[in-house]
Structure formats: C-alpha cells, structure tokens
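Scroll down for the structure; my scribbles are underneath it.
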Amino acid sequence: MSHSFQRTAALVAAVLALAAGCSTQRPLEGPASADSNPPVVSTGGVSTGGVSPDSLPTVSSPDWSGTGLEPAGTVADGTSHPRLWLTPADLPRLRSWATDTNPAWSNGLAVELQRVRRVVDSGAASDDGSPGWVQDPVEADAELLAFGSLVEPSPADRDADAQRARRLLMRGIQAAVGGAQDGAAYRSPSFAIDDRSRWWGEGWALTVDWIYPLLSKDDKAAIRTVFLRWSGEEERGGQTTSDHPVPVGDHDDPALLADPTNVKWSANNYFTAHARNITLMSLALDPADDPGGTLHAHLANATGGFLAMTDALLRGPGRGGAPAEGFEYGPQSLGYVAETLLALHTSGHDAAGSAGRQVTFEGNPFWDQVEPWLLNNLSPAPVTNAEGQQVWLPASYGDTQHFHNPDWIELYGALGIYDESVGTHATRLQTARWIETNTPDGGAVTLPDRIADPTNPRESIMYFMLLDPKASAPPDPRPALPKSWVAAGVGRVSARTGWDAKASWFDFGVGWNLIDHQNGDGLDIGLYRHGEWLTKERSGYDVVTSDQKNTLAIQNDPPEHADDGDYRQLEFAAGSQYTYVPTGPGQLTASSNGDGYVYASGDATNLYNSVREGSTDVVQATRDVVWLEPDVLVVYDRATTRTDGRFKRFFLQLPGDPVINGQRAVSTTPHGQQLTITTLLPQRAGLHGEAVTPDANGAIPGEGSGQVADGEPMGYRLRVEAPGNPADTRFLNVLEGGDAGAAPTVTTLVRSTAGDPFDGAIVGTTVVLFPVHTGPKNATIDLPHGASRILVTGLAASTSYRVSTTGDQLRIDNTNDSGSGRSVVTDAGGVLDLVP
C-alpha cells in the first residue's frame, strides 16, 4: 500500500494549488487521495468505534449444519445463500477440506480464525471506525468469521463464528445508519471511498451474504440503508483524479469510452475497488429485503459503467496481461476486478449475452495473459535476500515499496476459484496454484505462514479456496511458456534465454505516465544475468524522475507550475518525463524476436512534453535496443530539442560504483559479475559515476519526499552527457555483462557512407545498425573487416528490401524493383538479419 495523497494530480482543468499537509513533491490537486501504507499502530488501548460490542442482542441461529443456510431455489433467483464467491454447492467440498491433514486449514486458515476469535471474544479489537488503516477492522474480521461459519467442521463452531460475525457487522452498520458525519465512527463522509474501502470494503457485503439467515428484518433494513448510501458515494468517488465513470451513474453508453485518458484511469486501484464494492453490496440482499429493487439497481452502474470501462481497457490500451500500476498495486487493481467477476459468476450474473461481455472472464484474452505475463517478468529462479529468505526478483515498474515479487493471491486466487467452479481451464487453474505456492516470499516453505498471518484476512480465504488438498502438486508451468512476452498495452517487453538459475534476461518498457503509481520510466531497460540485476531502474515510492530510471534526461521549457517543491518543477529540473500531465502516453513502436536477438523500439516524445504546462521543446525522444543473447545490449537513442544549449543525458542505474576509463565504464555486482558500458556516441561524451545515497527516510536528496524501495540493489548510476548540449544528439551505448575479470568484447562505431544515415556498432563480429532519422531507407555501409552477421533495424515490418554486397560494402534499397541484389524480408519488428 502507498501514499498516493503525495502524488495525486488532476487531469481536468482546475485551479492547481498546494494542499496543506501534503507532499512537497507532488501537490494535491482535487480531492484527497490516501493509498496509505498501514502504519505501525499501538494496540494497547481498547476501542469499539463508539459502539459497545455487547450492545447488540444475540439472535438464535438456524441449524448451522446447512438447514436454513441453503434455501430452495437457484443462485440466479437472488434468494440462495451463500452466493458471493461461493455457492451452496461448494460447501460440502470446502468443509471436507477443513481437516487436520490439510495444512492450508490446520496450519493456515484455522490459525487465523483462532486469532480473530481471541480478539473478538476479549473485546480488544482496536477498530475506531476511521476511514483509513485500523487494527482488526470489524468488516475484515467479520468476513473471516462468516467464512468460518460456512466451512468449520463443527456445527457448534460454525454457529459461534456466525454470531461473532454478526456482532462485528452490526457494530459498524448500526453506527453508519445514522448517515455521514465528520469525526463519527464509521460515518466519515469518505468512509466508503477511502483506503479502508479498498483494503477491506468487500467484507461488509460478503458477511451479509454468508450469514444471511442469521440477520433479522431490522438488521437487513439497516444494512440496506447503509449500502444504498455507500453505493452512491462509491459511484461518485473522489479519492483520486478519476476513480469513477463520468457522467456519474451513466452506463452502457459509448460516451464512457470517448476520453482515452479516462479509460486508462479505469486501471486504477480505487476505480476497480469501487466497482467490486458496489457489485457486492448490490447483490447481498434478497429481493424481498430490497423494496423496489433500488439497491440491486446499482449493479447496472458497476457492470455497465465501471466494468465496461475496465474491460475495454484490458482488451485494448491495457492488453497483454500486465497491470498498468505495476507490481506494488497490480495485485490489488487487477485483483479487485477478478473478485468482482467471481461474484458475478457465483451469483448467476455473468451472462454476457444479457449483461455485456464485461461481466465474465470468458472471452477476454487478458485473463489468459496474466499468468504468462507474471512468469515472464520474474527472475528465472528464486534468490536469497539479505534476510536469508528465498525471493523471486521482478522486472519491477511503477511505485514500489519493497523490491521483491509481492503476493498476487488477490488476482490468482479469484481467477483460480472461478476456474475450479467452471472446470474448463485446468491449465490456468494449475498455474495459479503453482504461482501462489511458489512465488511469494519464502515459496512453498512459508505457504502455511502466509495463510495463517495474512496482510488481509481475505487472503487466507482465497488461499484456502484455491488450494485443493486432494489435487496433485501443480507442475512448473514455465517450460511450456514462450521465453519472451510483450504486453503491448502498457509497452512492456520481457525476454530470457531460459528458466534456469544461470539464464540471462532483458526488460524494456515505455508506458503512459498518466495515472497513479506510474513513473517517468519510458524507454527503461534492464539486464539480468546469473541471479543478479546488472542494471535496472531505481525502484521506489515517488522515485519518479527519469534520471533515476534507465532512460534519457532531456531539458525542456520550464513548466507553468515551477514553484519550489512542486513535482513538475522537480521533474523539469531533472530533465525528466512528466507524470500525470504529459502530452500523451509513450508508445512501443516495434518489437521482434530472431535467432539469438530481441529488438524493441519505443517513442517517449510525448512523455517529455506537457502541453498543459507549456513545456513542449522536446522534438524527439526515441530508443531502439537490440539484445544480443545472452549478454549484450546495443542501445541507440535519439534526443532532439528545438532549442540549443539544453542538456541531454543517458542514465544507467548500477549496483556498483562505475570505474570509468575514457569512453568505457565498468560496474561490479555484489557477487562479482561485471557490466561494461562502452559509449560510442556522442563522441567525446562525458561519463560520470554518481552514488545515490538515500537519507534515513529513504529519500534521495533533491528528489522530493519519495522513498527508495527496501531491498533496492541499485546504489549508483552512470551519467553520459552530450558535450556542448546541442539541439540534436544521438547516444549509442553497448552494455555487456560478464563474469568477474572477463575481457569485454571488442566494440567499435560503424556509420553509413551514403544514402540515409545509419549509426551502429560492431560487437565482436556482429554489426547492429540503426537509422539516424525516420523515413525511407536507402543506405550504403562500409562493413568492418570480419563482420559475420548484420542486423539492420528501423525498417518497415515484414517488408522486402533489396540487399547487395560488394566486397566490404553493403547496400540496402527500399525499392522492390528488379535491380541488383537479393530481396530480403524484414521480421515483424522491421529488422533485416543478414549474412554478408
């Protein structure tokens, strides 16, 4: 979780002012945002949120063995319970899993249940009814106990857990029914939309559904009153820039998709949490307990508004399986969508033909892509961190508090439970089980501990429902996957040589920089080898400027908002891409795989400019990169401004202080590997090694209040400066990983001699060429002696070019006439792979 109140910016025309008490790095614009990390809170005092835990009468329950819990009728008629995330048909199977022989139960969920029971029975719950983080929130503990009332082996234990769940549920409801009131427990005007609603908001409706026969008529009337108010408040949002559809309440309307930026905001974790909570609340009560169907009517806003926008995003601008908000918030933002779709399925509301394609997992390729995307963006094998724990390292992007792979149970739990229900996605279900068993910190060894001591009680529930103790151990799914993955929607490319511990791995990204938790990392690159990142971005929370990423810094016009401490001023001073207010998103313009190479190309020009801020001097900011497997990256950058005298810089973040000798720098990793960087262009460039030393709070001096991620391995950086600050610059850098003491491959500059200009490098015997400008490609290149392979990039994809070689001279012609030479077709990324 995070502090997005430090970095929220409105993308609508408004008066922009620094809000008191907010980060000096990113002033608050518009309504307060509080994606806040749970602080360490003392539990010494006892608080009941202003409502006595004993003020509600105990109601006699039906026989909790099942009679009364499972009335006649189908789930779809809106009268059967439970119907959210599970159905009556699931109960016998789940109860059969609650045995001492199932560690997910005996060492996991049962342990967490016992903890919550002790808290509730002692009256020591410290929930004060505030809208942010609290210890033991009543709705989360009630949800866990309500689930226990469904699956506990003992009817007496089920009954007791149901009673506990009701007391917690109604404590909050009885307070909230009085209406919104500042400072009152459970009644804050932001209670339904603040962080608490994201972290635990599903607990209210799930508890209602799971203990429904125990609730009195008065209970249900109070619940309906509160749910109606909360649903309306969630539909209006207000916690971040654009966390709800506009116009409010509009649904099944193409106008919702008219603004591309608003559609991208539908990937935000607040947006998807609102959709989940509205859906669950609208489905929790039976028709007889919702006079006029007014609560249920909110379902159309959730599915026809919120979900319609997110579904369109995941099929188009967000396609490819990658979360727009990165590794820190991806488990939440995508997990909330999956939890919503699971509820629609189990309640019988996932018929695409009547409600739209957005109400089901089926038919949207994104849900088949989320697993291979993650596996392609994790290290080939786990490594041992500083605490001696086995962790998987990610190709991290976006805001990051801890540099590791987080637990994705929110997403893969919900998706796997759905797959178990429909029975038609066996491979996807097995992969979800393998991911959740092996890839969170500690792997399979700590699995019971993760269930017994979760960040959120629903994680224990998800784990228990996902992991069938009678199923065989899921096989490692990675050998069957491709070794490269393109998430085109958010502009991420990942490729590797294999899945073994000695594999090498290349990462490239050029994203949007438009919504919460996205950073100035367009054109970012990373190279991983033998269990270590040799170079990658500097991960952190609000560590956003491009000089902390593996990309370019280009000086621009000063922004309109140039006050000291303003985030736009900080970004301008660093020559960074703008966040929130760029002219437009970055673009992944090409990518392809060939025999022993991977090519990627991106355009970040719009990211460096901001029409809104009047900062528009950058004419060109593009990057082409070729990975020569396994150890070499050839990186070509075009940086152009309208104005002379503006700096242009190439940055690499490094694990070791670079040793610089002329145009070459060498950085050494903690395990003794080395990364050699050879700068071929600009000629006579200045190379500078810089230590990046955060203060005691993790902040980098001069970078605002952002904090470097815990466990981040990059402590240094290399800055390559264009001499004289010309308006037009080309950077050509060759990066080569190697073992300790290995001599780097001989690398020299290659340039065309006639026709359209090309720059390139010969690395060993392989020549890699890049066009200096875009447009028609006709060129003559004098080949270095001994060249055995030529990769010509930047050409039209899947197109024939006339190629001829005379002695050591290569000619490329974009005409397809019958002239001399042979016709050669480029690959899908526009690369010609030639042998002289």
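Observations on the model:
- The listed residue being of a type outside the set (A, V, I, L, M, F, W, C), open to solvent by 40 Å² or more (accessible area, probe 1.4 Å) and out of contact with any strand residue (DSSP E or B) (no Cβ under 6 Å at 6 or more places or on another chain), out of 468, 453: 453
- If you go through the range 205-227 and pick out every residue that is farther than 21 Å from residue 160 by Cβ, in contact with a helix residue (DSSP H, G or I) (Cβ under 7 Å, 6 or more places away or on another chain) and not charged (D, E, K, R), you end up with 5.
- Test: residue in the range 507-529 that is among the hydroxyl-bearing types (Ser, Thr, Tyr) and crowded, with 24+ Cβ neighbours inside 10 Å: no
- Test: residue in the range 367-376 that is more than 18 Å from the chain's Cα centre (by Cα) and either surrounded by fewer than 22 Cβ atoms within 10 Å (Cβ to Cβ) or of a type outside the set (D, E, K, R) (or both): no
- Just one residue in the set 552, 570 is modelled with pLDDT of 95 or more, buried (at least 24 other Cβ atoms within 10 Å of the Cβ) and either more than 21 Å from the chain's Cα centre (by Cα) or basic (Lys, Arg) (or both); that residue is 552.
- Within the range 344-354, the residues that satisfy the criterion of being surrounded by 19 or more Cβ atoms within 10 Å (Cβ to Cβ) and either polar (S, T, N, Q) or assigned to a helix (DSSP H, G or I) (or both) are 344, 345, 346, 347.
- Residues in the range 237-270 that are without any contact (Cβ under 8 Å) to a residue 40 or more places away in the chain and in a helix (DSSP H, G or I): 254, 255.
- Any strands (runs of 3 or more DSSP E) falling wholly within the range 631-680 and containing at least 1 residues that are under 28 Å from the mean Cα position of the chain (by Cα): 632-641, 648-654
- Among all positions in the range 171-183, there is at least one residue which is buried (at least 24 other Cβ atoms within 10 Å of the Cβ), under 18 Å from residue 215 (Cα atoms) and small (Gly, Ala, Ser).
- Exactly one residue out of 743, 665 is free of Cβ contacts under 8 Å to residues at least 12 places away in the same chain and closer than 22 Å to residue 526 by Cα: that is 743.
- The criterion of at least 3 residues that are among the small types (Gly, Ala, Ser) is met by the following strands (runs of 3 or more DSSP E) wholly inside the range 521-610: 587-594, 597-603.
- Looking only at the range 199-218, and only at residues there that are in a loop (DSSP other than H, G, I, E, B) and not hydrophobic (A, V, I, L, M, F, W, C), the one that is most open to solvent (accessible area, probe 1.4 Å): 216
- Matching residues in the range 300-325 - criterion: being surrounded by fewer than 24 Cβ atoms within 10 Å (Cβ to Cβ) and either at positive phi or more than 22 Å from the chain's Cα centre (by Cα) (or both): 300, 304, 320
- Here the condition is being in contact with a Gly (Cβ under 9 Å, 6 or more places away or on another chain) and of a type outside the set (S, T, N, Q); of 362, 339, it holds for 339 alone.
- Applying the criterion of being modelled with pLDDT of 95 or more, over 23 Å from residue 194 (Cβ atoms) and among the charged types (D, E, K, R) to the residues of the range 219-258, the residue that is surrounded by the fewest Cβ atoms within 10 Å (Cβ to Cβ) is 220.
- Here is the figure for the range 557-567: residues that are buried (at least 24 other Cβ atoms within 10 Å of the Cβ) and either closer than 24 Å to residue 734 by Cα or touching a Ser or Thr at 6+ places or on another chain (Cβ under 6 Å) (or both) total 0.
- Taken over the range 439-450, the criterion of being part of a helix (DSSP H, G or I) and crowded, with 18+ Cβ neighbours inside 10 Å is satisfied by 447, 448, 450.
- Set 281, 309: member being part of a helix (DSSP H, G or I), aliphatic (A, V, I, L, M) and under 22 Å from residue 579 (Cβ atoms): 309
- Flag not set for residue 629, criterion: under 24 Å from residue 324 (Cβ atoms), acidic (Asp, Glu) and modelled with pLDDT of 95 or more.
- Members of the range 711-724 found to be in contact with a Lys or Arg (Cβ under 6 Å, 6 or more places away or on another chain) and open to solvent by 40 Å² or more (accessible area, probe 1.4 Å), listed by number: 719, 723
- Matching residues, the range 383-435, being over 19 Å from residue 322 (Cβ atoms), open to solvent by 10 Å² or more (accessible area, probe 1.4 Å) and among the hydrophobic types (A, V, I, L, M, F, W, C): 383, 386, 417, 422, 426, 429, 434
- When 497, 535 are checked against the criterion of being open to solvent by 10 Å² or more (accessible area, probe 1.4 Å), closer than 24 Å to residue 381 by Cα and in contact with a strand residue (DSSP E or B) (Cβ under 7 Å, 6 or more places away or on another chain), a single residue qualifies: 497.
- Any hit, the range 593-601, residues being at pLDDT 95 or above, in contact with a Ser or Thr (Cβ under 9 Å, 6 or more places away or on another chain) and acidic (Asp, Glu): no
- Where residue 618 falls short, out of the listed (1) under 28 Å from the mean Cα position of the chain (by Cα); (2) open to solvent by less than 20 Å² (accessible area, probe 1.4 Å); (3) touching a residue at least 60 places away in the same chain (Cβ under 8 Å): (1)
- Flag if residue 626 is assigned to a strand (DSSP E or B) and closer than 24 Å to residue 519 by Cβ: no
- The criterion of at least 2 residues that are modelled with pLDDT under 95, at negative phi and surrounded by fewer than 17 Cβ atoms within 10 Å (Cβ to Cβ) is met, among strands (runs of 3 or more DSSP E) falling completely within the range 749-831, by 800-806, 822-825.
- Any hit, the range 115-128, residues being among the small types (Gly, Ala, Ser), closer than 30 Å to residue 187 by Cα, buried (at least 24 other Cβ atoms within 10 Å of the Cβ) and under 32 Å from the mean Cα position of the chain (by Cα): no
- Qualifying residue in the range 602-614 (condition: over 20 Å from residue 241 (Cβ atoms), among the β-branched types (Val, Ile, Thr), in contact (Cβ under 8 Å) with a residue 40 or more places away in the chain and open to solvent by 10 Å² or more (accessible area, probe 1.4 Å)): no
The values are calculated or read from the model by the stated rules, or taken from the named source; none is laboratory data. Note that the coordinates shown come from a computational prediction; the quantities given were computed from them, not determined experimentally. Every residue, glycine as well, gets a Cβ built from its backbone with ideal geometry; the counts of neighbours run over all protein chains shown. Calculation scope for accessible area: heavy atoms of the full protein, side chains included, ligands and nucleic acids excluded. Shrake-Rupley method; radii C 1.70, N 1.55, O 1.52, S 1.80 Å.
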